[in-house]
Amino acid sequence: MKTALISSLLIFGMAAPAFSRGWEPRAEIDYLAKPGIKLVAAGTYESGVFDEGAAEISAYDPASRRLFVTNAEANTLDVLDIRNINKPRRRFTVDLAPYGAGVNSVAVKNGIVAVAVEADPKQAPGSVVFLDASGNYLNKVTVGALPDMLTFTPDGSNLLVANEGEPNDEYTVDPEGTVSIIDMTPGVGSMNNSNVTQVTFAGQDLSTIRTFGPSASKSCDLEPEYIAVSADSATAWVTLQENNAIAVIDLNSATVASLVSLGTKNHNVIQNALDASNKDDAINIRPWPVVGMYQPDSIASYEVNGETFLVIANEGDSRDYDSYSEEARVKDAGDDFELDPNAYPNFDELKDSEALGRLKITTATGDSDGDGDIDLLHSYGGRSFSILDADGKMVYDSGSDFERLLALVNPENFNSTNDENGSFDNRSDDKGPEPEGLTVGSVDGRTYAFIGLERDGGILVYDISNPVSPQFAQYVSNRNFAGDPELGTAGDLAPEGLLFIAADDSPIRQPLLVVTNEVSGSTTIYRIVSGGCLRR
C-alpha cells in the first residue's frame with residue numbers, strides 16, 4: 001500500500017507555524033505549477049439556521065435545474081433553483097412530517113425524487129417517499145429501521161437504501177441493520193411494499209468483523225451507513241462504519257456476497273503520524289503507539305481500465321449511548337479499563353494530557369489475548385481517505401497528509417471544531433479534521449475525489465486517475481475564521497454532503513460541486529475550472 005505526499009500547494013504570505021516535539025514541514029509539500037482543476041465558489045444559499053442540520057444532503061435534477069436539499073431541522077426538502085449558480089434561491093419546500101419523523105437523505109433519477117425518512121421511534125421501519133421535481137407526492141414504500149442514505153443504481157432499475165438500525169439510548173431495542181433494494185421497473189405509481197427486498201446479515205460469518213454491542217445479535221450489531229454502486233448496476237458496496245467494515249452486495253441475487261474488515265492503521269510510523277492532544281497548545285504531529293480504525297462514512301466507486309475502485313472517507317465513529325458507551329481516554333486506564341502493563345511499559349509518560357492521555361479510544365476493541373485487559377489502543381477514524389479495489393483490499397491511503405496540510409495552510413486554526421471559531425487544536429484528541437463526505441467526478445478525462453472535512457470545513461481535491469498514486473490538487477475553504485458562527489458570519493461550517501454535477505447536466509455546461517454544510521445550514525455551489533495553475 002502506498003501513501004501520499006502532498007505535492008501541489010501554494011501558501012501566500014503565511015508565517016511558519018509553531019510546531020512542537022516532533023514534526024517539521026516536509027520538503028515534499030510544495031507548489032508545482034502544473035495544469036489541473038480548481039474549485040471557485042460561485043453562490044451560496046443560506047437557510048439562516050445554525051447547528052440544527054438545516055442543510056445535510058443534496059440531489060440534483062438536470063431537467064428542472066433544481067437542487068433538493070434535506071433540512072433535518074424542519075423535516076423538509078428545500079428545493080433550490082440553481083439556473084443562476086451565483087444566486088441559488090429557494091423555490092419551495094416539501095413538508096415531510098406526514099411521512100415520518102426526520103429526513104435523512106435524498107436522491108434523484110429521471111425526474112423522480114426519492115427521500116429517506118425515519119420513523120418515530122427511529123427503531124421502527126422507516127419510509128422512502130417518492131416525489132416529482134415539483135414536489136408532488138407520488139408514492140411511498142416501507143424500508144428498514146433508520147434509512148440513513150439512499151442511491152439509485154446507474155441504470156435506474158433499483159433504488160438502494162442503507163438502513164442503519166441504531167439502538168435506542170437504553171440499548172434495549174436494537175433493530176437489524178439492513179439494505180433495502182427497491183425495484184423501480186414497475187414505475188413509481190405502480191409500486192408497493194412487495195417491490196422492496198430486504199438484504200439482512202443474518203447467517204453471515206462475522207468472526208472477522210468488529211461486533212460489540214451489548215445484548216444484541218451479531219446481525220443487529222451491523223449498521224449500514226453509505227452505499228456505492230458499480231457502473232454495471234450489479235454490485236453495491238456498503239460501509240459499516242461502527243463495525244470498521246464494508247459489505248459487498250450482489251444486486252442480482254439480493255444477497256451479501258462478502259463482508260470485509262478494514263483492519264487498522266499503524267499511527268506509530270511517521271507516514272501515519274497524528275496530533276493526539278488538545279491540551280498542548282501546539283501542533284504536534286508525530287508517531288504514537290496506537291492504531292486507528294478506518295471506520296469510513298462516505299464511499300464512492302469509479303472505474304479505471306474496466307476495473308472498479310472504491311474511495312472511502314475515514315471519519316470514525318463510536319457508540320455512545322445513555323446505557324452503554326465504548327468511549328474512554330488513554331489517561332483513564334486503570335479506571336474505565338485495564339491496560340496491559342507489558343504492552344505499554346512507559347504508560348506514566350504517555351498518559352500525560354500533553355502526550356497521549358487525551359486521545360479518545362475504544363474499550364470494546366484491543367484485547368488481543370482475551371485476558372480482559374487492552375493490549376493495543378484503538379482510536380477512531382483514519383484521518384484520511386483511502387482507495388480500495390473491488391474486493392475491499394486497500395491499495396492507497398493518504399496517511400497523515402490531511403493534518404500536515406492543515407498545519408501549513410492555516411496553522412492558527414489547526415484542528416478547529418465546526419461550531420466555534422478561536423478553537424485551535426480543539427479536535428486533535430478526537431478525530432482531527434474528520435473527513436466525512438466525499439464524491440468523485442470526471443473532468444477532462446481525469447477522475448477526481450472531493451473530500452469534505454467536517455470539523456475544519458475545507459474541501460480537499462485529489463486526482464485519483466491512478467488509484468495507487470493519487471495526486472493532491474487543491475484545498476479550498478469557504479469558512480471565515482474571523483466571523484461568528486452563531487451570527488451566520490463564519491461562512492460554511494461542517495460539510496456533510498458533496499455532490500458532483502457533470503458538465504452535460506450543469507446549468508452552465510461546466511462541472512460543478514455542491515456542498516451542503518450541516519452546522520451553518522448553508523449550500524454552496526463551486527465551479528470546477530479546468531486548466532491553468534492551481535491556486536488555494
#### Entry: Backbone HN-Hα couplings from phi across the stretch 374-388 [Karplus 6.51/-1.76/1.60, Hz, Gly and Pro as x]
8, 9, 8, 6, 10, 9, 9, x, x, 6, 6, 10, 10, 10, 10
## Note on the structure
Here the FRET efficiency for A63 versus T255, based on Cβ atoms and R0 = 35 Å and rounded to 0.05, is 0.50
### Query
How large is the dipole of the stretch 360-414 about the Cα centre if only Lys and Arg carry +1 and Asp and Glu carry -1, each at its Cβ, rounded to the nearest 20 debye?
360 debye
### Task
Would you mind calculating the relative contact order of the chain from Cα pairs under 8 angstrom and at least 6 residues apart, reporting the percent as a whole number?
17 percent
### Reach of K393 by Cα under 21 Å, taken over lysines that are not fewer than 8 positions away in the same chain
K2, K265
## Note on the structure
Long-range amide H partners of D148, meaning residues 5 or more apart or on another chain whose placed amide H is closer than 5 Å, are A162, N163, E164
### Message
With unit charges on the beta carbons (Lys and Arg positive, Asp and Glu negative) and the dipole taken about the Cα centre of the chain, which residue among G458, A494, P147 sits farthest to the positive side?
### Response
G458
### Query
Can you give me the pair-distance distribution of the chain, C-alpha pairs, 10 Å bins, whole percents?
4, 19, 30, 28, 15, 4, 0
### Query
Near the amide H of I85, under 5 Å away, which other amide H atoms are found, from residues 5 or more places off or on another chain, if H is placed in the peptide plane?
none
## Note on the structure
In order over the stretch 509-518: 3J(HN,Hα) from phi, Karplus 6.51/-1.76/1.60, θ = phi - 60°, whole Hz, x for each Gly or Pro, gives 6, 9, x, 10, 10, 10, 10, 9, 10, 5
### Summary
Quick calc, the stretch 396-536, dipole around Cα centre from Cβ unit charges on Lys, Arg (+) and Asp, Glu (-), nearest 20 debye, gives 700 debye
### Approximate spin-label separation Y171-A97, in nm, with each point projected 7 Å along Cα-to-Cβ
3.5 nm
### Task
Could you rank the peptides 176-183, 506-513, 453-460, 437-444 by their average count of other C-beta atoms within 10 Å per residue, with the highest value first?
453-460, 176-183, 437-444, 506-513
### Estimated vicinal HN-Hα couplings, Hz - the stretch 153-165 in sequence order (Karplus 6.51, -1.76, 1.60; Gly, Pro = x)
5, x, 7, x, 6, 9, 10, 10, 10, 8, 9, 5, x
### Query
Based on the alpha-carbon gyration tensor of the stretch 208-311, what equivalent-ellipsoid semi-axes (square roots of 5 times the eigenvalues) come out, in whole Å, largest first?
31, 20, 11
### Message
Considering only C-alpha atoms, what is the centroid distance from the stretch 313-336 to the stretch 425-439, in Å?
### Response
16 Å
### Query
Check I374: other-chain or 5+ apart residues with amide H under 5 Å from its amide H, H built from backbone geometry?
E338, L339, D340
### Size of electric dipole in the stretch 119-245: Cβ of Lys, Arg +1 and of Asp, Glu -1, about Cα centre, debye, nearest 20
260 debye
### Message
How much of the DSSP bridge set in the chain is antiparallel, in percent, rounded to the nearest 5?
### Response
95 percent
## Note on the structure
If N is the residue count of the stretch 100-199, its Cα Rg over 2.2 N^0.38 Å rounds to 1.03
### Summary
Taking r as the C-beta separation of D205 and D336 and R0 as 45 Å, the FRET efficiency to the nearest 0.05 is 0.90
### Summary
the stretch 164-221 and the stretch 87-107 have their Cα centres apart by a whole-number Å value of 25 Å
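Bear in mind that the values in this text are calculations on the coordinates, not laboratory data. None of the values given here were measured: they were computed from a predicted structure. No Cβ is skipped: glycine too gets one built from the backbone with ideal geometry, and neighbour counts run over all protein chains shown.
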